[in-house]
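Q: A single structure is presented below for examination.
The values are calculated or read from the model by the stated rules, or taken from the named source; none is laboratory data. Values in this document were obtained by computation on a predicted structure and should not be read as measured data. Cβ coordinates were reconstructed from backbone atoms using ideal geometry, including for glycine residues, and neighbour counts include every protein chain displayed. Heavy atoms of the whole protein, side chains included, go into the accessibility calculation; ligands, DNA and RNA do not. Shrake-Rupley method; radii C 1.70, N 1.55, O 1.52, S 1.80 Å.
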Amino acid sequence: MRYTLALVLVFGVGSAIAQPRIIIKLDDLGSRNGRSTAAPVIDILVQRKIKAGLGVIAAQLDSTASVAYNTYLAATNDNGEKLFEIWNHGFNHSNNNPPNNNAEFKGTGYEFQKDHLIKSQARVKKLLGVTMHTFGAPYNASDSITNKVLGEQGDYRVFLFGNITANLPAAIKNYNNRVEMEITTGQVNYDHFVADYKKYKSKYKDIMVLQGHPNMWDAARLVEFNKILDYLIAQKCKFVLPVDYYLKGK
């Protein structure tokens, strides 16, 4: 009896261990002629009812952005929860800014960064009717000024892959638990992901952030992506949106 009880306790506790929550961070999205630049990937996520954060470059959303994204923004899972969060991936994703060919949000100064943050928020609000609450810098390149201007804007709650913590307000959380599903930019690889997942699963117990560049994914990369989703589902991981994870943690 004691042996049986011990087994029940062991297996009961083991089965109750929560798996890390997964934020899918998709970068560099825009729209052209009423279609998202990442439509094949987003369509997979809609079909499978999997949540993801869509990082838009504001200047790369054309006048048909609402046609391209409104159906996605209305998509929900079986629990009525929305599948997608639009997040700010910069105004123009530039890397040739003064004084030294700087990335958009690193070394470009206060006025420049503030202007680009305001312009990107305004454009996305105008075209998609969305107020963004999550930010991820182009090239994942940022500095303490980025943290300062994000705090001043008041709308932001999440920073994905922030480089430093100086000047980051307590009201903004930096989620930096990165697990790679691309070997190099745009090159999704299932085996590479599984190795990285196993490497970090004991360290990143609460949240993992998976970055991808879906504009670059061909049919073979979509197959790899689907295999990664299958693996995460088999591990009983839960997919979450950045700002939803933030709000539930408060």
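Q: Test of understanding: among F159, F105, which residue is touching a Gly at 6+ places or on another chain (Cβ under 8 Å) and either touching a residue at least 40 places away in the same chain (Cβ under 8 Å) or in a helix (DSSP H, G or I) (or both)? Give the derivation first.
A: Details: F159 fails: either touching a residue at least 40 places away in the same chain (Cβ under 8 Å) or in a helix (DSSP H, G or I) (or both).
None of the others qualify; the one that does is F105.
Q: A further question follows. Of everything in the range 54-102, what is of a type in the set (F, W, Y) and not in a loop (DSSP other than H, G, I, E, B)? Give them in sequence order. Even if it seems obvious, please write down each step before you answer.
A: Taking the range 54-102 and keeping what is of a type in the set (F, W, Y), we get 69, 72, 84, 87, 91.
Y69, Y72, F84, W87, listed by residue number.
Q: Right, here's the next one. Could you look through the range 206-237, keep only residues that are under 16 Å from V179 (Cβ atoms) and among the aromatic types (F, W, Y), and pick out the one that is nearest to the chain's Cα centre (by Cα)?
A: The qualifying residue nearest to the chain's Cα centre (by Cα) is F225.
Q: With T185, T146 as the choices, which residue is under 29 Å from A103 (Cα atoms) and open to solvent by 70 Å² or more (accessible area, probe 1.4 Å)?
A: Working: T146 fails: open to solvent by 70 Å² or more (accessible area, probe 1.4 Å).
Just one listed residue meets the conditions, T185.
Q: Let me ask something else about it. I need a count of the residues in the range 115-140 that are over 22 Å from S63 (Cβ atoms), open to solvent by less than 30 Å² (accessible area, probe 1.4 Å) and not in a helix (DSSP H, G or I).
A: 4
Q: Can you give me the number of residues within the range 169-205 that are more than 30 Å from G154 (Cβ to Cβ) and not in a strand (DSSP E or B)?
A: 24
Q: Here's another thing I want to ask about it. What's the number of the only condition in (1) out of contact with any Ser or Thr (no Cβ under 6 Å at 6 or more places or on another chain); (2) open to solvent by 70 Å² or more (accessible area, probe 1.4 Å) that N167 fails to meet?
A: All conditions pass for N167, except number (1).
Q: Pairs only if they're at least six apart or on different chains, beta carbon under 7 angstrom, first in the range 229-243 and in contact (Cβ under 8 Å) with a residue 24 or more places away in the chain, second outside any helix (DSSP H, G or I) and of a type in the set (G, A, S); list them, first residue then second.
A: L241/G53; P242/G53
Q: When you look at L160, is it closer than 30 Å to D218 by Cα and of a type outside the set (K, R), yes or no? Before you say what the answer is, go through the steps one by one.
A: On the way: closer than 30 Å to D218 by Cα: yes; of a type outside the set (K, R): yes.
So L160 passes the test.
Q: Can you name the condition, by its number, that S202 falls short on among (1) open to solvent by 70 Å² or more (accessible area, probe 1.4 Å); (2) in contact with an Asp or Glu (Cβ under 7 Å, 6 or more places away or on another chain); (3) among the small types (G, A, S)?
A: So the condition that S202 fails would be (2).
Q: With the condition kept exactly as written, say whether any residue in the range 83-94 is within 19 Å of the chain's Cα centre (by Cα), on the phi > 0 side of the Ramachandran plot and either touching a residue at least 60 places away in the same chain (Cβ under 8 Å) or open to solvent by 80 Å² or more (accessible area, probe 1.4 Å) (or both). Don't jump to the end; show me each part of the working.
A: Let us first name the residues in the range 83-94 that are within 19 Å of the chain's Cα centre (by Cα), namely 83-93.
Keeping just the survivors that are on the phi > 0 side of the Ramachandran plot gives 90, 93.
Now narrow it down to the ones that are either touching a residue at least 60 places away in the same chain (Cβ under 8 Å) or open to solvent by 80 Å² or more (accessible area, probe 1.4 Å) (or both): 93.
Yes, the range 83-94 contains a residue that is within 19 Å of the chain's Cα centre (by Cα), on the phi > 0 side of the Ramachandran plot and either touching a residue at least 60 places away in the same chain (Cβ under 8 Å) or open to solvent by 80 Å² or more (accessible area, probe 1.4 Å) (or both).
Q: If you take the residues of the range 206-244 that are in a helix (DSSP H, G or I) and within 19 Å of H89 (Cα to Cα), which of them is most open to solvent (accessible area, probe 1.4 Å)? Working first, answer last.
A: Filtering the range 206-244 down to residues in a helix (DSSP H, G or I) leaves 214-216, 219-234, 242-244.
From what's left, within 19 Å of H89 (Cα to Cα): 214-216, 242-244.
Details: P214: 6, N215: 69, M216: 99, P242: 1, V243: 17, D244: 44 Å².
Across the range 206-244, the extreme among qualifying residues is M216.
Q: Taking the criterion of being within 21 Å of A58 (Cα to Cα), modelled with pLDDT of 95 or more and out of contact with any strand residue (DSSP E or B) (no Cβ under 6 Å at 6 or more places or on another chain), would at least one residue in the range 206-215 satisfy it?
A: Step one: filter the range 206-215 for residues within 21 Å of A58 (Cα to Cα), giving 211-215.
Imposing the further condition that a residue be modelled with pLDDT of 95 or more reduces the set to 211-215.
Now drop any that are not out of contact with any strand residue (DSSP E or B) (no Cβ under 6 Å at 6 or more places or on another chain), which leaves none.
No, the range 206-215 has no match at all.
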